[in-house]
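Step one of this worksheet: look at the structure below.
What follows is calculated from the coordinates using simple rules that are stated; it is not laboratory data. All figures in this text were calculated on a predicted structure; none of them were measured in a lab. Counting neighbours? That spans all protein chains shown, and the Cβs are built from the backbone with ideal geometry, glycine included.
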Amino acid sequence: MAAYELTVTVRTQYIAEQSDPDRHNYVFAYTVTIKNTGQIAAQLISRHWVITDATNRIDEVRGLGVVGHQPLLAPGEVFEYSSGSSLATPQGSMTGEFFCVAEDGEQFEVKIPEFVLSLPRTLH
């Protein structure tokens, strides 16, 4: 087990009632689960998202914390939050990093695995 390690998983959902395909607006919700799988408590300080639609248009989002929080996670502790994103295409993807500081002062990045945003039944 690494001293500095957070494990990130993501679940996604298409939000039809907030989307307007005629205006090229597709809204997706995602729930991120962050678990401290390391040996030292760590705080999530900021985030960086790279959002790519089906035309390879990229939006980058940077900011402090996640949904107004900068959670401090002890080893084994979990933090979960939900957020959303809109795309101009019915498919796309997201990836990024969380920037963290361990309680001993060590700074480290946590890669967010790429995940797909897609309308139901549109991927082959």
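Some points to look at:
- Zero-based 10 Å bins, Cα pair distances in the chain, whole percents: 13, 42, 27, 14, 3, 0
- Segment 90-124 and segment 27-53 have Cα centres spaced 6 Å apart.
- Pairwise label distance in nanometres, Gln39 with Ala16, each label 7 Å out on the Cα-Cβ vector: 5.1
- When you filter the chymotrypsin sites (Phe, Trp or Tyr not before Pro) in segment 3-109 for DSSP loop state and at most 16 other Cβ atoms inside 10 Å of their Cβ, nothing is left.
- Gain on full extension, evaluated as 0.36 nm per residue between Thr7 and Tyr81 minus their Cα-Cα distance, stands at 25.2 nm.
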